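All remarks here apply to the structure that follows.
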Amino acid sequence: MNSVSTTPAIPSSQAAHPPTLFYAAVLGGSAVALGAFGAHALKNTLEPKYLQIYETAVRYQMYHALALLALGLARWKGRSSLWLLAGTLVFSGSLYLLAFTRVDILGAITPIGGILQIIGWGMLAQEAWKWHKLR
């Protein structure tokens, strides 16, 4: 008798929402890598102001990776996860660019990402309310 498990390592679509888990994994994994890079390679390279901006980008990226992980595990298929993803890419991406280029005008893009994130959280609240009402 073969003792090797035939259970897939990746949850089935009935157990989770794979696209959202993929976004969460990419954001989370890259946040860990970027955080480590910042803590070790950039600590003595970036001015403190820009290192703080970089750390803010990593922190918000990880917050939203965890939110997407929770949504994926909950099988949440609403559009809120896409808004959270887009907002995180714009928010954190603009801060990474700002930290590396030191072009302060790039900071003007950051609030757009924040607005997209707020829309995502608002949509999640609306979706959750509708789901609650249907139950």
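Structure notes:
- Comparing 92, 81, 30 in a Gaussian network model of the chain (Cα springs below 10 Å), the most mobile by mean-square fluctuation is 30.
- Here the Karplus curve 6.51 cos²θ - 1.76 cosθ + 1.60, taken at θ = phi - 60°, turns the phi angles of the stretch 102-111 into couplings of 6, 9, 4, 5, 5, x, 6, 7, 3, x Hz, with x standing for Gly and Pro.
- Relative contact order computed over the chain (Cα-Cα under 8 Å; 6+ residues apart), in percent: 26
- Candidates 105, 118, 53: whichever shows maximal mean-square fluctuation once the chain is modelled as a Gaussian network with Cα springs under 10 Å: 105
- Residue among 22, 100, 37 with the largest mean-square fluctuation in a Gaussian network model of the chain, springs linking Cα atoms under 10 Å: 37
- For the chain, a crude dipole built from +1 on the beta carbon of Lys and Arg and -1 on the beta carbon of Asp and Glu, taken about the Cα centre, is about 440 debye to the nearest 20.
- Neighbour net charge for residue 78 - beta-carbon separation under 10 angstrom, K R +1, D E -1: +2
- Listing 58, 90 from fewest to most neighbouring C-beta atoms within 10 Å gives 90, 58.
- Per residue, the chain reaches -25000 deg cm²/dmol at 222 nm when only DSSP H runs of four or more residues are counted, each adding -39500 (n - 2.57).
All of the numbers you see were taken from the coordinates with simple rules; none came from a lab. Since this is a predicted model, take the numbers as computed values, not measurements. No Cβ is skipped: glycine too gets one built from the backbone with ideal geometry, and neighbour counts run over all protein chains shown.
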